[in-house]
């Protein structure tokens with residue numbers, strides 16, 4: 001009688017696990033199946049049945065994950081054209097392994113070559129950068145940028161040293177040029193501060209051996225905020241594509257494992 005009860009218990013656990021999985025309660029289903037291994041640690045056939053049921057539960061979970069990723073991915077891909085419309089994709093294949101989206105107002109042309117401004121750009125994976133361009137009749141050797149609000153509050157980047165590559169300085173006749181590129185980590189919440197004060201007249205302070213300050217044009221601030229929106233879309237698309245690919249790989253793996261368990265079970269029953 002006790003053997004029959006144990007047999008009924010294992011079958012009941014598998015049935016309950018399948019019911020939980022059908023409701024997409026996958027963690028509950030896994031715990032129910034795991035109970036079979038605990039109750040029958042030495043019963044190979046029951047453990048095999050439990051393993052088969054577990055793979056089916058995990059297969060359902062991965063199919064759900066892939067469906068979610070693909071559904072949200074379509075939404076974010078549909079958002080992309082609107083967010084990208086004012087940006088141009090640029091890549092210098094001679095020196096760059098990836099390209100960047102730069103706002104049309106900040107693509108190099110005459111009205112940007114002799115002024116101080118902040119240029120926002122983002123790559124295909126949504127990683128963004130803010131480059132400080134300085135031009136004046138004297139050098140300041142700046143390595144940090146600070147945004148200052150009208151109430152005196154401010155946010156300052158971390159220091160980026162001159163490296164002669166992405167960050168460099170040069171002189172052309174009587175004008176001194178300095179270019180400093182800040183990645184997300186070095187920006188140190190600067191973009192969040194800009195968004196918080198999007199309706200304020202912000203001031204940019206370049207910090208180095210000397211300081212130089214100038215008003216952040218409302219147009220440049222809006223470009224930065226629009227760039228952030230684009231980077232969010234690109235980041236989501238990249239993440240969802242990766243998660244969808246991972247789920248698909250797991251689905252293929254689980255199907256193979258289910259076939260292997262089925263094959264082993266058939267052989268052992270002969």
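Rule-based calculations on the coordinates, nothing more; no lab input. None of these values were measured; they are calculated from a predicted model. Using ideal geometry, Cβ is built from the backbone for each residue, glycine included, and neighbour counts are taken over all protein chains shown.
How far is helix 2-22 tilted off the main Cα axis of the chain, in degrees rounded to 10, range 0 to 90?
Once rounded, the angle reads 30 degrees.
Using only the alpha-carbon atoms, how far is helix 44-84 inclined from the longest principal axis of the chain? Give it as 0 to 90 degrees, nearest 10.
30 degrees
Given contacts defined as C-alpha pairs under 8 Å and at least six residues apart, what's the relative contact order of the chain, whole-number percent?
The normalised contact order for the chain reaches 21 percent.
Going by C-beta contacts inside 10 Å, put 71, 157, 97 in order with the fewest on the left.
Least to most surrounded, the residues fall as 97, 71, 157.
Please give the calculated 222 nm ellipticity per residue for the chain, where each DSSP H segment of at least 4 residues contributes -39500 (n - 2.57) and the sum is spread over every residue; nearest 500 deg cm²/dmol?
About -18000 deg cm²/dmol.
Relative contact order for the range 171-270: what is it in percent, counting Cα pairs under 8 Å that are at least 6 residues apart?
Taking the mean separation of contacting Cα pairs over the length of the range 171-270, I get 15 percent.
What whole-number distance in Å separates the alpha-carbon centres of the range 22-63 and the range 217-248?
Going from one Cα centre to the other spans 38 Å.
Can you sort 57, 160 from fewest to most other Cβ atoms within 10 Å of each residue's own Cβ?
160, 57
What percent does the relative contact order of the range 89-216 come to when contacts are Cα pairs within less than 8 Å and at least six residues apart?
24 percent
Give me the angle, in degrees from 0 to 90, between the Cα long axis of helix 26-39 and the longest principal axis of the Cα atoms of the chain, rounded to the nearest 10.
40 degrees
Tell me the Rg and the Dmax, in Å, that the Cα atoms of the chain produce.
Gyration radius and largest Cα-Cα distance of the chain: 28.9, 99 Å.
Quick one: 245, 127, fewest Cβ neighbours within 10 Å first, how do they rank?
The order, fewest Cβ neighbours first, is 245, 127.
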